[in-house]
Ligand code: AMP
């Protein structure tokens, strides 16, 4: 009998992939010959939603109509603009997931309703929650979320007989993670993890962009968009060659003279530009090693994950540090999706070439605050850690607290995420009251239980020990979550777009919004840009080349904003 299909999804900052185990083997599913789907969402010429390559292709020309790197906004309470509409990060991610789901369905010729989705080890509770919501909006039940480095380890080591310590170094477009993973028989355990979810190849691009605009100051936003593309292409080229010519003909015109970009960049110079970032990643490597109580010499293998690890400096620095070459045999872009598919197959009960059981860890400490001594003084917000950073998941920890006053009827419990001994320096992620306590002298014991599941989602409950009076919460973050009715509305909205018949995207609404925005931003624009803006507003009002004028105006506003 066939088990229900569960796919594995690497929902990346720059690119995403979807994979599935078939006949015991992992297949990363292709679309139009490519296994890598750019994590771009755009509004096309006819107000249709574009996802992947077509959206990425229009980014340089229509940045205002395209969203990239939505993953950087997951868990934030923000709206992202796409043409004249706004969407939550969850909705934008859901559009990518819908596309991936459709790719898998057309390959498998079957509906796909369940997925394992990977997230950076460093993702917070709110970011994981937002990822789960994106899945739900897209019509996918997220049966498990696993950390990306863990997935990578699973993809490499399907047959691990001996005990090994593996370092997984994951440098993508927008995030960096390093994890120390222990492999033994059929247990994969992440011992420690560290990273920076705002560091990646995009930052390397930015260094090259700065280098280019030091030499040639672009006047227009179109030129700027072309420079962005050229910078990324130059970076990739430098992974395979020591020099690159960055060339863009007719970048723009200045006083009637065409300006061409032609600039050489050497790998050496590029490497000095990005050295500070690589240093930062190596510091994180050492923090992770310390967290795992291991030395560099204890590491048996180094695995590279993420497109940016193709940068030769990454391997060189790791090799110098660890006296061994990182393994390169699995495509660094595909090993996370591969591991996700393996995990999915394990859950579905499919036969695969491994029986690995996954043990994951929490990258954060969770706890509460209480009156206690801090720096020799009595302080009401002393941090009391309950679940320690780097603990294996799932984990359940209970601690006991006592009421301070006689006949105290209620206690106010605050939950924090962080490492500082002053709770106020950590992130408060939830708060609740336990009311109706017994009228007894001070010292009434209250048990506080924190339960962190495999997806990194936290359940908190407090019980008055002597009566069993209980109160519990699922963390209601300062960073807002979707309520049930909002979820339904978001699903409807995204479905309508994918049904392609959403009448709300009427040009008139867009036109009005765009003109209003342009008028608001006029005073920030340079003389040249404001002349363009005024001309374009006129053209749009007159409906002369409406479409093109709107696109051009959108481009200019986008760059004024950024
Ligand atoms: P990911 O987030 O793992 O998909 O990684 C995407 C990042 O890898 C982007 O910043 C790409 O520009 C970068 N990248 C892809 N190929 C290369 C390459 N050959 N050399 C350097 N960086 C690359």
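Every number here is computed from the coordinates shown, using simple stated rules; none is lab data. All values derive from a computational prediction rather than experimental measurement. Neighbour counts run over all protein chains shown; Cβ positions are idealised from the backbone, glycine included.
Details
- Crossing angle, helix 221-238 versus the chain [Cα axis fit, 0-90 degrees, rounded to tens]: 70 degrees
- Helix-only CD estimate at 222 nm, as mean residue ellipticity for the chain, using -39500 (n - 2.57) per DSSP H run (n ≥ 4): -11500 deg cm²/dmol
- With the biggest extent put first, the Cα atoms of the chain measure 85, 61, 54 Å across the principal axes.
- Rounded if a/c under 1.5, otherwise prolate or oblate - the stretch 133-192, Cα gyration tensor axes: oblate
- The value of relative contact order for the stretch 229-287, using C-alpha pairs under 8 Å at least six residues apart, is 26 percent.
- Relative contact order for the stretch 366-474, counting Cα pairs under 8 Å that sit 6 or more residues apart, in percent: 25 percent
- Ranked packing of 451-460, 110-119, most packed first, by mean Cβ within 10 Å: 110-119, 451-460
- Peptides 67-80, 422-435, 366-379, 85-98 ranked from most to least packed give 85-98, 67-80, 422-435, 366-379, packing being the mean of other C-beta atoms within 10 angstrom over each peptide's residues.
- Value of relative contact order over the chain, rounded to a whole percent, pairs C-alpha under 8 Å and six or more apart: 15 percent
- Measuring max minus min along each principal axis, the C-alpha atoms of the stretch 366-474 give extents of 39, 34, 17 Å (largest first).
- The angle between the Cα long axis of helix 267-291 and the main principal axis of the chain comes to about 10°, on a 0 to 90 degree scale.
- For the stretch 1-82, the spread of Cα positions along each principal axis, largest first, Å: 48, 31, 19
- On Cα atoms only, tilt of 507-521 relative to the major axis of the chain in degrees: 90 degrees
- The DSSP beta bridges internal to the chain are antiparallel in roughly 80% of cases.
- Take 488-498, 163-173, 284-294 and order them by the average number of nearby Cβ atoms within 10 Å per residue, most first; the result is 163-173, 284-294, 488-498.
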